[in-house]
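Reviewing the structure listed below.
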Amino acid sequence: MTDTRAAHAFPGLRTPDGARWHYLDSAATAQKPDVVIDAVARALGPDYATVHRGLYARSADMTLAYEAARRTVAALIGGAEHELVFTRGATEAINLVAQSWGVANLRPGDRILLSMLEHHSNIVPWQLIRERTGVAIDVCPLTEDGLIDLDAAERMLTPAHKLVSFAHVSNVLGSMLDVPRAVALAHGVGAKILIDGCQSVARLPVDVAALGCDFFVFSAHKLYGPTGIGALWARADLLGAMPPWQGGGSMIDRVTFAETTWAPAPQRFEAGTPAIAEAIGFAAAARYVQDQGLAAIHAHETALVATARAALGRINAVRLLGPAASAGIVSFTIEGVHPHDLGTILDEENVAIRAGHHCAQPLMVDLGVPATARASFGLYNDETDIAALVRGIERTLRIFA
Ligand code: PMP
């Protein structure tokens, strides 16, 4: 990884008066490097035109760039372009699988296995599908240190399970899933497996072929790319057999009032004018993290987690949550201080953390806390950000004492 403390490459890492902003909320959304901002600006400016329709040269060029972006994003996770659907984000990607694959394949008597640490976006779409299909939802518990308990999953899975859907990395605890084992367990009972890669794709090398999963979803904005775009990767045979879930332009082969036929995948799942500039920015972000090296990013964030956990562990009032081996995320509570108060005081010190339920309310109940404070790292963070966090916590404790 090159010197990513090149904060100048991230205009968002400065406060309005030019001071350093200790941004510790990359698990919510990552700041953008110049290369991504420039790519989006070019796509919206001198290169701008629609895709898949225009007969003029600019539109033909933009179509090539949009499809090249699909190739680049697919390659980031070891996938092929015909297996990658652009969506609005991970949330929409999961809803797509639920509404398309789920409605076509799930029947009363079938079961889905989720885990206790899932983000609401990997819970609620399946509840909507439960209403429509009669499928039952089971919840895999966690181990003591906050990992999805795969021994429990092994005991719970039955031939009635048609789908397992687990987070690769927990957005609250940073716990990392042993994906190959989860895949083997799911496939062992004939179930498909979806991996929510929202937090992993910016933090770990991902190769869907090596992982062996059936579906993999992620959002560009957590990968140093734009908002408004994400991706569903699905095995070609599965994607090819899935019915469309939204109708409109671009997803058809031929339309008559009597009957409409569909375009092949992935276009069949991209109704309407797509997020063109965002796709270009997504690809720029994918190239950016590949240039930095995901193994190097992971090593950098692992070192930051160790430093942060050691420093926070020295403060008596702090209770650390989750495993020591976390992918770039440290959740904690402070005795006598609500996480929201901590977040507000830290903001005065130019330290940005997330405080709340992190869209994982069932996990909060399981942990026995109403909310947590969460510091999450990106490739641009270093020890000075952790030192600022610790100073801010000490000040908060003085105020509350
Ligand atoms: N899954 C996980 C693990 C997440 O962290 C998030 C975002 N916090 C999502 C899903 C949803 O992503 P988005 O809001 O970008 O669709």
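Quick one: pull the percentage of alpha-carbon pairs in the stretch 144-227 with a separation above 15 Å.
Here the long-distance tail beyond 15 Å is 56 percent of all Cα pairs in the stretch 144-227.
For the chain, with all protein chains present and a 1.4 Å probe, just round the carbon and sulfur fraction of the accessible area to a whole percent.
Carbon with sulfur: 55 percent of the solvent-accessible area.
What is the Rg over Rh value, at two decimals, for the chain, using alpha-carbon atoms and the Kirkwood definition of Rh?
Value, to two decimals: 0.99.
Stretched out fully, how many nm does the piece from R42 to A236 gain, at 0.36 nm a residue minus the Cα gap?
Between R42 and A236, full extension yields 66.6 nm more.
Under Stokes-Einstein, with the Kirkwood radius over Cα pairs standing in for Rh, what whole-number D in µm²/s applies to the stretch 304-346 at 37 °C and 0.692 mPa s?
299 µm²/s
Which order, highest average first, do 64-72, 144-152, 157-165 follow once you tally other Cβ atoms within 10 Å for each residue and take the mean per peptide?
157-165, 64-72, 144-152
Kindly sort R235, R155 by accessible area of their heavy atoms, largest first, with the probe set to 1.4 Å.
Per-residue accessible area, sorted high to low, gives R155, R235.
I need the semi-axes of the equivalent ellipsoid of the stretch 185-234: take the C-alpha gyration tensor, multiply each eigenvalue by 5, square-root it, list largest first in whole angstrom.
Over the Cα atoms of the stretch 185-234, the semi-axes work out to 23, 11, 7 Å.
When N counts the residues of the stretch 22-141, how does its alpha-carbon radius of gyration compare numerically with 2.2 N^0.38 Å, as a ratio?
The value comes to 1.42.
Cross-link partners among lysines for K162, C-alpha distance below 26 Å, same-chain residues fewer than 8 apart left out?
K192
Between D61 and E383, what length in nm is gained on full extension when 0.36 nm per residue of separation is reduced by their alpha carbon distance?
So the chain would gain 111.5 nm between D61 and E383.
Sort largest first and round to whole Å: the equivalent ellipsoid semi-axes of the stretch 247-340, each the square root of five times a Cα gyration tensor eigenvalue.
One finds semi-axes of 48, 19, 11 Å for the stretch 247-340.
Residues of the chain: accessible area per residue at 1.4 Å, in Å²?
40 Å²
Not counting ligands, DNA or RNA, and with a 1.4 Å probe, what is H187's accessible surface area in Å² rounded to the nearest 10?
Approximately 80 Å² of H187 is accessible to the 1.4 Å probe.
Provide Rg and Dmax in Å for the stretch 261-401, with only Cα atoms included in the calculation.
19.3, 68
Which whole-angstrom value gives the distance between the alpha carbon centres of the stretch 317-349 and the stretch 59-122?
32 Å
When the chain is fully extended, how far beyond the present Cα-Cα distance does T260 get from L320, taking 0.36 nm per residue of separation?
Going from the current span to full extension adds 16.0 nm.
Using alpha carbons only, how many degrees (0 to 90, rounded to 10) separate the axis of helix 294-313 from the longest principal axis of the chain?
30 degrees
Can you run the Rg to Rh ratio on the stretch 103-252? Use alpha carbon positions and the Kirkwood inverse-distance Rh.
Over the Cα atoms of the stretch 103-252, Rg/Rh equals 0.95.
Could you name the lysines in cross-link range of K32, using Cα to Cα under 22 Å and dropping any fewer than eight places away on the same chain?
The reachable lysines, counting only those whose Cα sits under 22 Å from K32, are K222.
Keeping all protein chains in position, work out how much accessible area R130 exposes to a 1.4 Å probe, and write it in Å² to the nearest 10.
Counting only protein heavy atoms, the figure is 90 Å².
The values are calculated or read from the model by the stated rules, or taken from the named source; none is laboratory data. Keep in mind the model is a prediction, meaning the values are calculated, not measured. Positions of Cβ are backbone-derived with ideal geometry, glycine not excepted, and every protein chain shown enters the neighbour counts. Just so you know, the surface numbers come from the protein's heavy atoms only, side chains and all, with ligands and any DNA or RNA stripped out. Shrake-Rupley method; radii C 1.70, N 1.55, O 1.52, S 1.80 Å.
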